[in-house]
1. Counting other beta carbons within 10 Å of each residue's own, what order do 129, 89 fall into, fewest first?
2. With the dipole of the stretch 1-140 worked out from charges on the C-beta (+1 for Lys and Arg, -1 for Asp and Glu) around the Cα centre, which of 35, 80, 95 lies farthest toward the positive end?
3. Excluding residue 91 itself, calculate the net charge of residues whose Cβ lies under 13 Å from the Cβ of residue 91, where each Lys or Arg counts +1 and each Asp or Glu counts -1.
4. Could you pull out the pairs from 44/201; 56/102; 102/127; 32/109; 32/67 whose alpha carbons sit more than 22 Å apart here?
5. Amide H to amide H under 5 Å from residue 55: which residues, 5+ apart in sequence or cross-chain, H placed 1.01 Å off N in plane?
6. Quick one: compute a quarter of the convex hull surface over the Cα atoms of the stretch 124-203 and quote it in nm².
7. Using +1 on the beta carbon of Lys and Arg, -1 on that of Asp and Glu, and nothing else charged, what's the dipole of the chain about the Cα centre, debye to 20?
8. Among 122, 191, 36, determine the one that fluctuates most according to a GNM of the chain built with springs between C-alpha atoms less than 10 Å apart.
Amino acid sequence: MSDNILEIRDLVVNFGGIKAIDGISLDVERGKIVTLLGANGAGKSTTLRSISGLVKPQRGTITFNGKNILGSTPDKIVSMGITMVPEGRRVFPNLSVLENLKIGAYLRKDSIASDLDYVYSLFPRLKERHWQSAGTLSGGEQQMLAVGRALMARPQLIMMDEPSLGLAPLVVKDIFSIIETINDSGITVLLNEQNANMALKIADIGYVIETGKVAMTGTGEELLRDESIKEAYLGKTKK
């Protein structure tokens, strides 16, 4: 079996006359954290949505565990082992924390008790508030719930779209720590994140996306040291 759990080749996505993705190719190695960097509108979220089956590409291949999943429905892709934590969290506000978590396991037929215990061990506050309506949680707690919901499907690959967006710095630190813990458990992580400094510090590999194309790739450490990355994404300019 290939070391890559996910391979994307020559992916093209058009929205009307606009090319959102223009021939992206990238690899996600099994067991690693891979980060996508780029400005808003660069094509990062569209890439994740294409993988999850929410967007239909015009061309290319998306291979997961050796199988081309392009054209598969979102529920089929979840059942294969890919889940996504969407931008903006998108919890069900009128349902309880526990009901939201159970929705994450809706395709499963086996017991989910051990998975609930695992999510509650990662996020004790969710256990404390399992009865509470999700819409009354803080932004950070809703992000925890969105991550927990994605974990309830027992994914091999979890994708996260802007997990730190709109969160306080201390909460952001907690979220990135949890991402590392999830990865340490054996789950591969594909991360789209505007906080380039935090994302690259935990990333094994990073891809810089510009106008729908891969402009640069390297290890997290290499990209953190790169002067053009510092200037564009880390708020530092060359001397």
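1. Exposure proxy ranking, most exposed first: 129, 89.
2. Of the options given, the answer is 95.
3. Charge balance in the 13 Å sphere: +2.
4. Cα-Cα > 22 Å for 56/102; 32/109; rest within.
5. Sorted by chain and number, the residues that satisfy this are 50.
6. For the Cα atoms of the stretch 124-203, the hull's average projected area reads 5.3 nm².
7. In debye, rounded to 20, the chain gives about 460.
8. Among 122, 191, 36, the largest mean-square fluctuation in the Gaussian network model of the chain belongs to 122.
The numbers here are math on the coordinates, done by the rules we state, and not lab data. These figures come from a predicted structure and were not determined experimentally. Ideal geometry is used to build each Cβ from the backbone, glycine not excepted, and the neighbour counts take in all protein chains shown.
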